[in-house]
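The values are calculated or read from the model by the stated rules, or taken from the named source; none is laboratory data. Please read all numbers here as calculations on a predicted model, not as lab measurements. So basically every Cβ, Gly included, is an ideal-geometry build from the backbone, and we count neighbours across all protein chains shown.
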Amino acid sequence: MFALSIVKIQKVKDLKAVVNYSLQEHKTNSELITSFECDVHMIKEDFEMLLLEYNDKSKTDRDITARMIIQSFDSADYLTPEQAHKYGIELADNYFKGKHQYAVITHTDTDNLHNHIIFNSISFVDLKMFETTRQHSLYDLRRENDKVSEEHGLTIIEKEGKKDKYLTFNEYVSRAKKTSFKGKLEDVIDENIKSADSFEDFLERMKQQGHEAKQGKHLSFKNPKSNKFMRTKTLGMNYFESSIKYRIQNKDFVPVKRNMIDKNWIDKSQEKFKNNKGLQKWATKQNINYLNEISNKLYKKDITLEELNEVEIINENLVDNFEKQLTLIDDELFKLDKMKDCYPIYENSHSLIKAYKESDDKSKFKQENYHQFKQYDTAKRNINYLKKQYEINDEPGLHYKMSLMSDERNLLYGSLGKESVKEQELDRQEQARRQKKKKERENEL
């Protein structure tokens with residue numbers, strides 16, 4: 001499995017062949033193709049026009065030069081093709097800084113989503129050739145990719161020491177396999193949820209294991225190696241702060257986790273497997289394990305592969321839909337929680353307003369009590385918002401509303417346990433299938 005986001009760069013020997021390969025319909029679609037200062041379908045001609053300018057200026061007779069960056073994402077991140085494509089464009093914009101023509105083409109035909117970023121080695125801004133030093137084509141590229149990864153909560157490959165250390169690509173991939181902080185954090189959270197008596201106890205256990213917490217709109221934990229915080233929301237809805245609290249209080253709850261059944265099979269007809277016996281052996285082993293897993297599922301539920309796949313798709317859609325609903329409730333609860341002090345602040349400001357009205361120099365009085373007036377104005381605005389939006393008129397009403405929303409959130413999240421959704425759906429299909437078979441037998445008689 002690839003790193004959560006890794007990149008490599010290579011020279012393009014045959015631009016037309018590379019573009020034709022990248023644009024194959026079974027690998028991508030029009031929505032996953034973006035070009036900058038060129039037309040992807042006329043990219044050779046566009047690159048050649050710039051080459052003519054370059055040769056004319058430098059008095060040379062060079063052939064067309066292009067390079068390609070391959071940016072790969074870990075399937076464990078469950079990115080959508082649109083997200084992967086967006087991250088590819090961000091990398092290209094940040095790395096080329098608007099100086100090179102490029103095309104970003106996202107491929108969806110393998111286990112790992114990946115981008116082919118094909119670019120002109122000649123800058124159309126100053127007609128200078130792409131810098132191929134190790135610093136630029138290795139360190140700078142990986143650093144820009146790390147920035148994109150960090151921005152979107154993807155794990156980055158940790159470095160040893162303060163200075164960049166040169167890694168071969170194989171070492172780079174190997175390092176990535178072993179340092180998936182995101183995957184490790186998920187495991188640590190799961191284990192501490194099982195043993196924690198309360199959310200506070202959970203945070204303390206995480207801290208003892210080197211994962212200091214930061215609370216705000218989103219719960220974050222520090223990576224002990226990089227000392228940077230990562231939001232748990234990037235792990236999915238089972239790791240939202242509210243979900244963690246629910247799981248601590250309901251130890252028997254088994255959350256649904258994504259299981260992309262149709263993305264596990266490894267297609268060994270791909271080019272990379274043809275002359276690599278070691279890779280072929282590895283892929284064969286993975287496919288055998290996958291078949292065993294599917295076989296066990298089919299045996300336990302006594303259903304066909306087609307029926308199982310249908311349930312998995314339903315499950316995926318449910319997870320996406322529930323995650324959106326839970327996010328909306330959590331965001332609203334966070335906003336209401338920040339407003340809960342508005343009523344006492346407003347009441348305690350009566351003496352301030354009275355003194356203000358009685359003061360001879362109101363402007364000076366307001367300046368001298370700027371902080372208190374700012375709190376008063378915010379409290380007044382929040383009170384008006386709560387009344388208009390929710391018909392809440394006092395502090396008990398606000399707490400009651402938050403309590404109802406929290407209960408609604410727990411009911412919604414609790415209904416997404418394996419037993420209540422996935423297993424029920426399997427049971428429903430199994431019962432329907434048995435009823436159908438029973439009727440067929442009765443008709444035969």
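Things worth noting here:
- Within the range 102-140, being of a type outside the set (S, T, N, Q), closer than 30 Å to His26 by Cβ and surrounded by fewer than 19 Cβ atoms within 10 Å (Cβ to Cβ) holds for Asp109, Asp111.
- The set of residues in the range 328-367 that are of a type in the set (Val, Ile, Thr) and surrounded by 14 or more Cβ atoms within 10 Å (Cβ to Cβ) comprises Ile329, Ile345.
- Hits in the range 6-29 (condition: outside any loop (DSSP other than H, G, I, E, B), within 15 Å of Ala84 (Cα to Cα) and at pLDDT 90 or above): none
- Residue check for Asn393: modelled with pLDDT of 90 or more and either surrounded by 12 or more Cβ atoms within 10 Å (Cβ to Cβ) or within 33 Å of the chain's Cα centre (by Cα) (or both): yes
- Evaluated against (1) modelled with pLDDT of 90 or more; (2) surrounded by fewer than 13 Cβ atoms within 10 Å (Cβ to Cβ), Ile383 falls short on exactly one condition, (2).
- Note on the range 55-72: among residues that are under 41 Å from the mean Cα position of the chain (by Cα) and not aliphatic (A, V, I, L, M), the one that is surrounded by the fewest Cβ atoms within 10 Å (Cβ to Cβ) is Asp63.
- A single entry from Glu186, Glu144, Glu200, Glu160 fulfils the requirement of being surrounded by fewer than 16 Cβ atoms within 10 Å (Cβ to Cβ) and modelled with pLDDT of 55 or more: Glu200.
- Qualifying residue in the range 380-390 (condition: at positive phi and not small (Gly, Ala, Ser)): no
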